[in-house]
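The values are calculated or read from the model by the stated rules, or taken from the named source; none is laboratory data. Here the structure is a predicted model, which is why all the values come from computation and not from measurement. Every residue, glycine as well, gets a Cβ built from its backbone with ideal geometry; the counts of neighbours run over all protein chains shown. These accessible areas exclude ligands, DNA and RNA; they are computed on the full protein's heavy atoms, side chains included. Shrake-Rupley method; radii C 1.70, N 1.55, O 1.52, S 1.80 Å.
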Amino acid sequence: GRGRDRVVVLTVGIPAVAIAGRTTIAYVRFFADGARAVRVPVDLAVPAIPRVRITPTQTLRGARPGEGFELWFEITNAGNLRDTLDLRVDAPPNWNVRFTTTAHFVMQPGETINRSLRMVVPLASDIGDFPVTLIASAGLTERARATTIVEVTNLARSSQRSGPIVVLGAASAMIQGVSTRPVET
């Protein structure tokens, strides 16, 4: 018989958690008069979407000069591909920051890990707020960053710092024939 052109529409829902790459999602059978059916695969190419999230367990932490402490960060591969990451830290240069475990690792899609940093505030440190930023990169591409502010205070010098002074006073006032009323200043 005569060849007839027909259009076939195939609608496919792709879940948000679909892994990047090419995969066969269906097979279509084509029939023609007098010929054997032909089975053809339908492939779907899911684009790679890299996404990394870093969440500090503390966004603000106090410390004193000479004190050593640890900061924790939660790292999540929120993308749809296996990602190889390298971590680095942006912190005051004389704080001797180091990772407690490897800073190079591979993460599967949906995986979450925790990493910590150990550091020591130098005895001669100034007081004030200092950012400590954890940065995750894949090769030369930065994927995510998160910062914890370390507030360095010195108890011996804290009384010398300028700032507001709050004095609270409480009293009660009486007027003859009227109930007592509290007064706060």
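Surface composition of region 39-83: carbon and sulfur atoms hold 50% of the protein heavy-atom accessible area at a 1.4 Å probe. For region 45-119, the solvent-accessible area of protein heavy atoms averages 54 Å² per residue (probe radius 1.4 Å; ligands and nucleic acids excluded). Per-peptide packing, taken as the mean over residues of other Cβ atoms within 10 Å, places 45-54, 24-33 in the sequence 45-54, 24-33 from highest down.
Relative to 2.2 N^0.38 Å, what does the C-alpha radius of gyration of region 43-131 come to as a ratio? Two decimals please.
On the way: Rg = 16.6 Å, N = 89, 2.2 N^0.38 = 12.1 Å.
Normalised by 2.2 N^0.38 Å, the Cα Rg of region 43-131 equals 1.37.
Taking 20 °C and 1.002 mPa s as the conditions, I'd like the Stokes-Einstein D for region 1-152 in µm²/s, using the Kirkwood hydrodynamic radius from alpha carbon pairs. The Stokes-Einstein estimate is 111 µm²/s.
Each principal axis of the Cα cloud of region 1-86 was taken in turn, and the coordinate range along them, longest first, works out to 91, 19, 12 Å.
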